[in-house]
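The values are calculated or read from the model by the stated rules, or taken from the named source; none is laboratory data. Keep in mind it's a predicted model, so treat the numbers as computed, not measured. Here Cβ is always computed from backbone atoms with ideal geometry, including for glycine, and neighbour counts include all displayed protein chains. The protein model used for the area step is the full one, side chains on, heavy atoms only, and it has no ligands, DNA or RNA in it. Shrake-Rupley method; radii C 1.70, N 1.55, O 1.52, S 1.80 Å.
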Amino acid sequence: VVGDGNIERGRSCPAFVITASDPDMQSEIQRISHRYFGFCPRVRQYGSKAPKLRFSQRIGRLLLAFGVQPVTAADKVVPSAVLTGSRDIAIGFLQGLFDSDGCAWPGGYVEFGTRSRALASQVQLLLANLGIIAQRTKKQRTGSDFWNLFIGGGDAVRFFEVVGFRLPYKQARKNSLARTARAWSRGELVPG
């Protein structure tokens, strides 16, 4: 939801949708929903728009209780349940977020992009708590600020080992790390 979803506004108890073009992502969302909510959302295609999976108000109320905010992309944040949760919860959240809004490049480096400065900062801190240093930069896209996190070198190796991806084609990019010569990483510059 934080990556490629939105909570519908204008209702007393909002429902939400997740946009997912990738069939593996659709299957993973359906698997998780069925396991934890006993509900398997259908993939719906509306014209030429990207496919969406819609969730009920009942599940929307639960997301609000977890701290998911009903805001636009520029104001998204890490839910409070993730910030106060366990290491495993943080890793699971990062996996889902990087599956939706992250890139695993063939050279073995990883990137994450968002319109939200707060989300980029919070994700950078979650990664740092796992020993993964990400460089944050600001760019302009269509007249708005866009924040990018870059993870390379030894930090990319650590990302794949500690967090990784649920989507098979993204996790498979880990294999290119062994074939790519690695220079020093930013994480090696941080004492301790």
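For region 153-164, state whether one or more residues are modelled with pLDDT of 75 or more, more than 15 Å from the chain's Cα centre (by Cα), open to solvent by 80 Å² or more (accessible area, probe 1.4 Å) and not aliphatic (A, V, I, L, M). Yes, region 153-164 has at least one match.
Selection within region 134-152: residues that are outside any strand (DSSP E or B) and at pLDDT below 95. The member of this set that is farthest from LYS76 (Cα to Cα) is GLY152.
Is there a residue in region 22-32 that is closer than 25 Å to GLY154 by Cβ and under 13 Å from the mean Cα position of the chain (by Cα)? Checked region 22-32: no residue is closer than 25 Å to GLY154 by Cβ and under 13 Å from the mean Cα position of the chain (by Cα). In this structure, PHE112 does not qualify as of a type outside the set (Val, Ile, Thr), within 18 Å of TRP147 (Cβ to Cβ), touching a residue at least 12 places away in the same chain (Cβ under 8 Å) and part of a helix (DSSP H, G or I).
Conditions (1) outside any strand (DSSP E or B); (2) closer than 28 Å to LEU125 by Cβ; (3) of a type in the set (S, T, N, Q), marked per residue:
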residue: ASP24; (1), (2), (3): yes, no, no
residue: ARG31; (1), (2), (3): yes, no, no
residue: SER48; (1), (2), (3): yes, no, yes
residue: LEU53; (1), (2), (3): no, no, no
residue: PRO70; (1), (2), (3): yes, yes, no
residue: ALA81; (1), (2), (3): yes, yes, no
residue: ASP88; (1), (2), (3): yes, yes, no
residue: ASP99; (1), (2), (3): yes, yes, no
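With respect to SER176, is the statement that it is within 22 Å of MET25 (Cβ to Cβ), assigned to a helix (DSSP H, G or I), of a type in the set (Gly, Ala, Ser) and modelled with pLDDT of 85 or more true? No.
Does ARG61 count as among the basic types (Lys, Arg) and either modelled with pLDDT of 90 or more or within 25 Å of ARG173 (Cβ to Cβ) (or both)? Considered against the rule, which asks whether it is among the basic types (Lys, Arg) and either modelled with pLDDT of 90 or more or within 25 Å of ARG173 (Cβ to Cβ) (or both), ARG61 comes out as no.
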